[in-house]
Every structure is written in C-alpha cells, then in structure tokens.
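Below you'll find the structure, written out as structure tokens, and then a few comments.
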Amino acid sequence: MNVIILGSGGCVSTPRACCNCRVCTEAREKGFPYARTGCSLFIEDANILIDTPEDINASLNNSGIQKVEHILYSHCDPDHTMGMRVIEQLKMDWLAVSIGKKLDNPIEIISLPPILEDVKKQGTKYGSAIGYYEAKGLVYTKEIRAFQKDNILVELIPVDEHEHVAIFVISSNGKKIIYAPCDVKPFPKSEKFQNADVLIIGNTIVGDILKDGFVLKEDNPLRKELFTLDEIDTIRKQYGIKEVIITHLEEDWGKSYDDYRELEKKLNFIQFAYDGLKIQL
C-alpha cells in the first residue's frame, strides 16, 4: 500500500502571501519541503485523492501524480474543498468539447451522505460547482460508507452522529492507515482503529510558544478544538497504533521544516508530515 501526503499545510499554506516571518521567508527561498500546500492525501494503489484545497493542482504536480480517478471528501471546510476547480484542470478539454466530443472517464466524487450534501452547496451565482461538473460529464457523485478497489479498502468513519466529518481507515493486505486530517476532536471510538500501522492526524497544536512568540495560555479556546501532542499519544496508546504522523501543520505555529525535524528527536513514535512524504506498507 502506497500513500503520499500531497499537502501537509493547514488552513493557511506556507509561505503565507505577503508574510516575511522567518518561516515564510525560508519556505519562499527553499521551496519544498520547507513550503507546505493545503492538507491532502493520495492513495497511489487506487488513484484516490482525499480533499481538494485551493493549491491542490500544485500539490499534484509536486508529487508527480499521473491519474486521479476518485475524489473523497473529509468535510466541507473551504481549505479542504475550495480547490475543486482542479476537476476542470484534470478533465476539461475545451478543444474536444468544441467539436462535440464527450468525456468517457469521469471522476467519481464520493463521501458520506451529509458531507456530499454540504459539498454540493458550494458554488457560484450559477449554482453548485459539483452540479456544474456533473452536467458537463466530468464527474459523478456517490454516497458511500466504504469503498473497495482491487486490494484497497477505504472505510469512512463519521466523527459524530451528524456525519459532517469523516475519518478514513485505509487497509490492504493486513496493513492499516488511519487518516484523520481535520475537525476530529473529540476523537471518535471505533474498533476499526485498533492496531493500525500509521495514524495521520491533523487538528493539533504544536508547542505553547507559537509564531512571533505568541504564548498559548491554558484558557485559550484553541486548546478545546485542537489536540496537544500528549493527547495524540494517548490515542496512539489506546488503539495500539504503531506510528503517528502529524499533518495540517499551521503556519501560525511558527515552526520550519528543520524545527519539526529537531522536535522529532525528542518524541517517540511521532513524526511531522511534509509535502511529498511517501508511506509504504
């Protein structure tokens, strides 16, 4: 099973436009892996893309992706969906359209029913963007709770009873990856998480002193929304997970690629994602 973290950034990509802080300046000068695009994942064995942040086209190019056949959505936040125009870049051929040719291999858009309903609400004054792409024959949508392709199984675990956020359990040949990119606190209970090889998780806060010396006090509301590294380690131990990779790394945390590498040396079983990180099981 081969998985690529296409984008490891958070709500704001690194470098942040017009920002001249140490982290953004270095990312601008050195590029990847110091730079980070929006949070996304690619399952190579099945050509599955999870989420389409605004800079997903750059992420796909950076990792040399050759084909996208399926797009899964984790939830409807703009930083995970607003790059859906990549569908046009992947599938729209205006020259072929001009002479009446139709696409014969549309992309399958799939997720839990409430998430698909949310995604279909996004659009312009002309209506739903996904509806437009369906009408053009570029995609079709399908409500699912599990997706099987060849020897890859992807199961969608809702975070709560409302089912507007999904966690993905990706398994193949006895190996298992959990992908929980965003809005997953409190972490749901599921036997499907047991004994996973890797947990890739966002929704974390890394450190108490952040960008520009900002001190995250104990009463800061971010602590209710985001996991600390200690809380992540508790989840790891609860489910017997072998390794944890932190993704959705915010520019606001004020840490560079090198800072995260140094921090890894002090932690057990935890590493930090970067754009293009390949996981092979």
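The values are calculated or read from the model by the stated rules, or taken from the named source; none is laboratory data. The structure displayed is predicted, hence computed values, not measured ones. Using ideal geometry, Cβ is built from the backbone for each residue, glycine included, and neighbour counts are taken over all protein chains shown. Calculation scope for accessible area: heavy atoms of the full protein, side chains included, ligands and nucleic acids excluded. Shrake-Rupley method; radii C 1.70, N 1.55, O 1.52, S 1.80 Å.
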- prompt: Which of the trypsin sites (Lys or Arg not before Pro) found in the range 173-219 are in a DSSP loop and have at most 11 neighbouring Cβ atoms, other than their own, within 10 Å?
  reply: LYS189, LYS217
message: How large a share of the accessible area of the range 1-122, in percent, is made up of carbon and sulfur atoms when the probe is 1.4 Å and the other protein chains stay in place?
response: 51
- line: Magnitude of the Cβ-charge dipole (Lys and Arg +1, Asp and Glu -1) of the range 149-266 about the Cα centre, nearest 20 debye, reported as 480
message: Taking C-beta distances below 4.7 angstrom as the pairing criterion, name the unpartnered cysteines of the chain, in sequence order.
response: CYS11, CYS18, CYS21, CYS39, CYS76, CYS182
The range 33-80-the range 190-238 distance, computed between alpha-carbon centres (Å): 23
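Where a ≥ b ≥ c are the square roots of the eigenvalues of the C-alpha gyration tensor, would you call the range 97-166 rounded, which needs a/c under 1.5, or, failing that, prolate if a/b is larger than b/c, or oblate? Don't jump to the answer; show the numbers that get you there.
Working: a/c = 4.86, a/b = 1.42, b/c = 3.42.
Since a/c reaches 1.5 but b/c is at least a/b, the shape of the range 97-166 is classed as oblate.
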task: Mind jotting down a quarter of the surface of the convex hull over the alpha carbons of the chain, in square nanometres, one decimal?
output: 15.8
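Can you pull the Rg over Rh of the range 1-123, Cα-only, Kirkwood? Intermediate values should be presented prior to the final figure.
Numbers: Rg = 15.8 Å, Rh = 15.6 Å.
A ratio of 1.02.
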- request: Would you please classify the overall shape of the range 57-214 from the alpha carbon gyration tensor, given that a ≥ b ≥ c denote the square roots of the eigenvalues, rounded means a/c under 1.5, and beyond that prolate means a/b larger than b/c while oblate covers the rest?
  value: prolate
query: Given a 1.4 Å probe and every protein chain left where it sits, what share in percent of the accessible area of the range 134-279 is carbon and sulfur?
result: 49
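Would you mind telling me the antiparallel percentage of the DSSP bridges in the range 1-130, rounded to 5?
Numbers: 10 of 16 bridges.
If we restrict to bridges inside the range 1-130, about 60 percent are antiparallel.
Which GluC sites (Glu not before Pro) does the range 160-261 hold that lie in a coil by DSSP with at most 10 other beta carbons within 10 Å? Mind dumping the intermediate values first?
Numbers: sites: GLU161, GLU163, GLU191, GLU218, GLU225, GLU231, GLU243, GLU250, GLU251; in loops: GLU161, GLU163, GLU218, GLU250.
Listed in order of number, the matching sites are GLU161, GLU218.
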- line: If every Lys and Arg gets +1 and every Asp and Glu gets -1 at its Cβ, then about the Cα centre the chain yields a dipole, in debye to the nearest 20, of 440
- request: Please work out whether the range 128-185 counts as rounded, prolate or oblate from its C-alpha gyration tensor, where a ≥ b ≥ c are the square roots of the eigenvalues and a/c under 1.5 means rounded, while otherwise a/b larger than b/c means prolate and anything else oblate?
  value: oblate
task: Give the accessible surface of the chain per residue, rounded to a whole number of Å², with probe radius 1.4 Å and ligands, DNA and RNA excluded.
output: 47
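Can you list the chymotrypsin sites (Phe, Trp or Tyr not before Pro) in the range 102-143 that are in a DSSP coil and have 14 or fewer other beta carbons within 10 angstrom? Walk me through the numbers before you get to the answer.
On the way: sites: TYR126, TYR132, TYR133, TYR140; in loops: TYR126.
Those satisfying the criteria are TYR126.
Write down the percent of antiparallel bridges among all DSSP beta bridges whose residues are both part of the chain, to the nearest 5.
Details: 30 of 54 bridges.
Close to 55 percent.
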